[in-house]
Amino acid sequence: MPQVRVTLKCNNSECGFERERIEDMRDLSLDIVEGCDVTACLTEYFENTEVSVDCEQCGCEGARKSGLIDTLPKCLMLHLKRFRGEGGGAKGSLTMRKGSELVTFGKALDLEGLCVPCKGAGGAGGAGGSNFELKSVVRHVGALDSSGHYVTDSLGKEGEWMNYNDSRVEKREESDVLSGAVGREAYLLMYERA
Ligand SMILES: [Zn+2]
């Protein structure tokens with residue numbers, strides 16, 4: 001699993017106290033918008049955000065939170081936040097909605113720019129480097145009721161893509177896996193260190 005180095009910096013400019021911690025992540029859950037590229041979603045994930053925590057040093061409230069990958073995993077799972085709860089129902093209940101935003105992604109993913117610098121020759125990835133290869137795409141097909149279900153496209157050892165849909169297993173063209181149709185339904189992207 002990836003390890004992320006999270007930094008909090010106090011908003012009080014006279015203090016500016018920084019604290020760091022390492023977090024183990026099962027996956028990285030990414031916000032998505034129409035037409036976004038998965039690399040841009042990852043960059044935004046690690047960017048500065050405002051959080052309301054009290055500073056241990058000066059007691060002021062408010063800090064900027066940012067993150068970098070400290071240790072790269074062998075397998076990386078990216079979760080696209082396609083399913084979202086929306087309020088407004090009776091008694092404040094949440095209704096789950098499925099977004100069909102297009103997310104583009106390629107077969108290769110380089111995380112070098114998102115890793116903690118100066119971690120040796122191979123960066124956060126050690127000797128293996130920071131390049132990943134797409135191995136599997138899990139997507140949700142259909143509506144968010146009993147008619148919808150999950151299907152998976154996976155890359156085999158011979159470099160061929162297969163589609164797993166309940167009991168049906170069929171060959172798939174790589175261009176189809178990387179197409180916009182899949183990009184509107186993709187829910188989990190599984191990468192392996194190249
Ligand atoms: Zn402070």
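Assorted remarks:
- Selection count, the stretch 1-39, where residues are within 16 Å of the ligand (Cβ to nearest atom) and not in a strand (DSSP E or B): 7
- Of the listed requirements (1) farther than 27 Å from Ala186 by Cα; (2) surrounded by 14 or more Cβ atoms within 10 Å (Cβ to Cβ), Ile22 misses just one: (2).
- Filter pass, Glu101 being in a loop (DSSP other than H, G, I, E, B) and within 15 Å of the ligand (Cβ to nearest atom): no
- Of all residues making up the stretch 132-187, the number that are in contact (Cβ under 8 Å) with a residue 60 or more places away in the chain and surrounded by fewer than 16 Cβ atoms within 10 Å (Cβ to Cβ): 5
- Pairs with Cβ under 7 Å, 6+ apart, first in the stretch 40-59 and touching a residue at least 12 places away in the same chain (Cβ under 8 Å), second acidic (Asp, Glu) and more than 10 Å from the ligand (Cβ to nearest atom): Cys41/Asp31; Glu44/Asp31
- Candidate set from the stretch 113-129 (those that are surrounded by 15 or more Cβ atoms within 10 Å (Cβ to Cβ) and at pLDDT 65 or above); member that is nearest to the chain's Cα centre (by Cα): Leu114
- Only one entry of Lys91, Lys98 meets the criterion of being among the basic types (Lys, Arg), modelled with pLDDT under 95 and surrounded by 11 or more Cβ atoms within 10 Å (Cβ to Cβ), and that entry is Lys98.
- Condition met for Arg19 (farther than 20 Å from Ser100 by Cα and in contact with a strand residue (DSSP E or B) (Cβ under 6 Å, 6 or more places away or on another chain)): yes
- In the stretch 40-59, residue nearest to Ser100 (Cα to Cα) [restricted to those that are away from the ligand (no atom under 16 Å from the Cβ) and assigned to a loop (DSSP other than H, G, I, E, B)]: Glu47
The values are calculated or read from the model by the stated rules, or taken from the named source; none is laboratory data. From a predicted model like this one, the values you see are computed outputs, not experimental measurements. Cβ coordinates were reconstructed from backbone atoms using ideal geometry, including for glycine residues, and neighbour counts include every protein chain displayed.
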